[in-house]
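Visitor: Input: one structure, supplied below.
The values are calculated or read from the model by the stated rules, or taken from the named source; none is laboratory data. These numbers were taken from a predicted model, which means no experiment stands behind them. Counting neighbours? That spans all protein chains shown, and the Cβs are built from the backbone with ideal geometry, glycine included.
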Amino acid sequence: MEKVSDLWEEYKNKFIFVGVCVLVLLFLLMPKIKENFLNDNGMEMQSQSEYDLTQGNNSNALSTSTQVQSSMSSSVSQAENSKSKIQVDVKGAVKNPGVITVQANQRVDGVIKKAGGIKKDADLDQVNLSHKLADQMLVYIPVKGDETQINSPVLVKNDKNDTSQVNGEETASSDTLDEGINQPDGNEKININLAPKEKLTELNGIGDKKADQIIAYRQEKGSFKTIEDLKNVSGIGDKIFESLSDQITIE
């Protein structure tokens, strides 16, 4: 212990001098050390911020891309759905008549179900239930005993595609022939007592309005007794009668 004390007494001034020098040196270097420390931390924080910003931008870009793709897919899907649907006008002996939206490949029986089904007095014998629907088509379901001349393609008498096989050859079904009209033979005459509106309009001088008047006359007065009785219909005078007299018959 005495030896240590002796050494301290001998080198005390030197130790103090070295200590003071170290303190002075630290004091002088402290600002530089602090500056370097702050710069290092600042660069690290900046790098982290830049990394976070980059990740955020990438995330936003990915989110935007996903939203755009989703929007495009939705638009395409809506367009496809719109193209695959049609609207038809359902009238007659159904529970809920009106304009109904159905799939483009739908048949008459399907749209009848969407219209709530048929009424008790509906006459399905006059309807082609397998007829394929088209946009803006009129679907008319008649009642039993209904002889109204409705131009609906789903009715058997108006179904131009209804055919049957005879001796292995495809021929027009008898249901598609106009009631009361002979098949064309080059000299065909139209029976004004039985012809529907579509046939009557084929006569010279007879349009839709006069054809309706002829049908109304038949319903009110009964059958024409002679072809000259046609002149009793309002709007049909001698001139029109002469132009069509060789086209008509009452038998």
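For every residue, the table says whether it meets (1) surrounded by fewer than 11 Cβ atoms within 10 Å (Cβ to Cβ); (2) β-branched (V, I, T); (3) at pLDDT 95 or above; (4) touching a Ser or Thr at 6+ places or on another chain (Cβ under 7 Å).
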| residue | (1), (2), (3), (4) |
| --- | --- |
| N193 | no, no, no, yes |
| E202 | no, no, no, no |
| Y217 | no, no, no, no |
| G222 | yes, no, no, no |
| G235 | no, no, no, no |
| D238 | yes, no, no, no |
| S245 | no, no, no, no |
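Visitor: If you don't mind, another one. Give the residues of the stretch 204-215 that are surrounded by 15 or more Cβ atoms within 10 Å (Cβ to Cβ) and either in contact with a His (Cβ under 6 Å, 6 or more places away or on another chain) or part of a loop (DSSP other than H, G, I, E, B) (or both), sorted by residue number.
Guide: Correct list: I206 only.
Visitor: Another one. Could you please find all residues in the stretch 224-243 being within 47 Å of the chain's Cα centre (by Cα) and in contact (Cβ under 8 Å) with a residue 24 or more places away in the chain?
Guide: G235, I236
Visitor: Would you please name the residue that is nearest to the chain's Cα centre (by Cα), looking only at residues in the stretch 109-150 that are among the basic types (K, R), surrounded by 12 or more Cβ atoms within 10 Å (Cβ to Cβ) and not in a helix (DSSP H, G or I)?
Guide: Per the stated criteria, the residue is K132.
Visitor: Can you name every residue in the stretch 86-120 that is at pLDDT below 90 and over 19 Å from P153 (Cβ atoms)?
Guide: K120
Visitor: For a quick check of your reading of the model, give me the residue pairs whose first member lies in the stretch 207-223 and is in contact (Cβ under 8 Å) with a residue 40 or more places away in the chain, whose second is surrounded by 14 or more Cβ atoms within 10 Å (Cβ to Cβ), with beta-carbon atoms closer than 7 Å and at least 6 apart or on different chains.
Guide: I215/Q149; I215/K197
Visitor: Next question, about the same structure. Among the listed residues L38, L129, which satisfies the condition of being at pLDDT below 70 and aliphatic (A, V, I, L, M)?
Guide: Result of the check over L38, L129: L38.
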